[in-house]
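*Asks:* This structure is in structure tokens; I'll ask about it shortly.
The values are calculated or read from the model by the stated rules, or taken from the named source; none is laboratory data. Everything numeric in this text was worked out from a predicted model, so none of it was measured. Heads up, the Cβs are rebuilt from the backbone with ideal geometry, glycines too, and the neighbour counts pull from every protein chain shown.
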Amino acid sequence: MPQIISDPDAVTPAWLSEVLAHAGIHASVSSFTAEHIGTGQVGDNVRFRLRYTPGSISGPRSIIGKFASQDPVSRETGKARNTYIKEVRFYRELQPTVDIRTPRPLFAAIEPEAQDFCIMMEDLYPARQGDQISGCLLPEATLAVVELAGLHAPYWNDPRLETLAWLEPPDRESAEFGEALYNQLLPAFTERYAHRLSDAHFGVARRFGECFMSWSLDYDGPVSITHGDYRLDNMLFGGSYPLTVVDWQTPSIGAPASDLSYFIGAGLKTGSRQLHERDLVAAYHGALIDKGVCDYTFDACWLHYRRYAYSGLLMAVVASMIVGQTDRGDDMFMAMARRHAQQVLDLESESLIQR
């Protein structure tokens, strides 16, 4: 087992050789170059381009390493919310049991106390990363919602969920914490972005804080493993696979429709979402049925989709305040906040939540 190296600057050719051997690739790395990639705010991704000892077995031309963020605010957020532990455990325990395409993990380990960790995985270059700000077109969106069914269907109302306490399924205590955190951060969010959101959208955000507990606790539909951050920035299109989903820092047990509404609400620009969302929900529902999910009607799926339009707004408010601030991060969170607040209004989601 390779040792845990949590700082990409400490990586050596010998260690990379150990990582490859751990994955069954017995190649000797002689040297490498490294470059930071991606737009993650809680984790840093590094591409290692490998060169091998002449005469030895050759391995992959490059691999990807994921490490804790070098930004101290984002790093502490990752530790406090157990996101690093969850991602390592997802790749080690759950990834082989679900039917959604992820990068092949080569090595994943974490030190539980300090939460120093690293995840080494296959490089999917030349796959193209999605862009949360620009949004996507209908073919990409359809691909994403059908792939999402491959995460949800294997654990749909499955008794195995009861053994996965580390996924922290929602309960009253977590709902109370979420309500307090959201309402504590909302004033700062409102002040920071006062010039970038409309009064109508701020109104949606404010009223959500008033019904947060009902939204969190009154759901009585199906449950499964959820991604928790299923959006374009965490998707790679093309290359070895049509679509690969990355960034497994926020898996949980909850309403499958929360992932669906989260993706559609911000993954498409508002006009496109309004035009195509019902067809996209139908594509997701059809994929669930094809994968063996029973007793879940389209009408129930549509109702749950409407209810969870708040998911992306919640993320935009909370995440923007607890990670390091960047220009792109601000643009991304504003795209999410605007699109999801309008989604709530268009779908009349407020009528589904008791105050």
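*Asks:* Report, by residue number, each residue of the range 42-59 that is at pLDDT 95 or above and closer than 26 Å to GLU111 by Cβ.
*Replies:* If the condition is that a residue be at pLDDT 95 or above and closer than 26 Å to GLU111 by Cβ, then VAL46, ARG47, PHE48, LEU50 are the ones that fit.
*Asks:* If you don't mind, there's one more thing I want to ask. Return the only residue of THR163, THR142 being without any contact (Cβ under 8 Å) to a residue 24 or more places away in the chain and among the hydroxyl-bearing types (Ser, Thr, Tyr).
*Replies:* THR163
*Asks:* Quick one: which of ASP247, ASP259 is modelled with pLDDT under 95, among the acidic types (Asp, Glu), assigned by TED's automatic domain parsing to the domain that holds PRO139 and touching a strand residue (DSSP E or B) at 6+ places or on another chain (Cβ under 8 Å)?
*Replies:* Going through ASP247, ASP259 in turn, the sole match is ASP247.
*Asks:* What do you reckon, is SER240 touching a strand residue (DSSP E or B) at 6+ places or on another chain (Cβ under 7 Å), polar (S, T, N, Q) and under 25 Å from ILE100 (Cβ atoms)?
*Replies:* no
*Asks:* List the pairs whose first member sits in the range 170-199 and is in the same structural domain as MET336 (by TED's automatic domain parsing) and at negative phi, whose second member is part of a loop (DSSP other than H, G, I, E, B) and of a type outside the set (A, V, I, L, M), and whose Cβ atoms are under 8 Å apart, counting only residues at least 6 apart or on separate chains?
*Replies:* As it stands, the answer is SER174/GLU168, since those pairs meet every condition given.
*Asks:* With the range 1-74 as the region, which strands (runs of 3 or more DSSP E) entirely inside it contain at least 3 residues that are surrounded by fewer than 18 Cβ atoms within 10 Å (Cβ to Cβ) and polar (S, T, N, Q)?
*Replies:* Fully inside the range 1-74 and qualifying: 29-37.
*Asks:* In the range 315-355, which residues are among the β-branched types (Val, Ile, Thr), in a helix (DSSP H, G or I) and more than 18 Å from the chain's Cα centre (by Cα)?
*Replies:* Correct list: VAL344 only.
*Asks:* Could you identify the single residue in GLY178, GLY203 that is under 30 Å from ARG92 (Cα atoms) and either assigned to a helix (DSSP H, G or I) or charged (D, E, K, R) (or both)?
*Replies:* Just a single option satisfies the conditions, and that option is GLY178.
*Asks:* Kindly indicate the residue of the range 145-160 that is touching a residue at least 40 places away in the same chain (Cβ under 8 Å) and out of contact with any Leu (no Cβ under 8 Å at 6 or more places or on another chain) and also surrounded by the most Cβ atoms within 10 Å (Cβ to Cβ) among those meeting that condition.
*Replies:* LEU151
*Asks:* Of everything in the range 83-103 that's touching a residue at least 24 places away in the same chain (Cβ under 8 Å) and surrounded by fewer than 16 Cβ atoms within 10 Å (Cβ to Cβ), which residue is farthest from the chain's Cα centre (by Cα)?
*Replies:* The qualifying residue farthest from the chain's Cα centre (by Cα) is THR97.
*Asks:* Okay, next question. Of everything in the range 290-302, what is out of contact with any helix residue (DSSP H, G or I) (no Cβ under 6 Å at 6 or more places or on another chain) and either under 18 Å from HIS227 (Cα atoms) or surrounded by fewer than 15 Cβ atoms within 10 Å (Cβ to Cβ) (or both)? Give them in sequence order.
*Replies:* ASP290, GLY292, CYS294, ASP295, THR297, ASP299, ALA300
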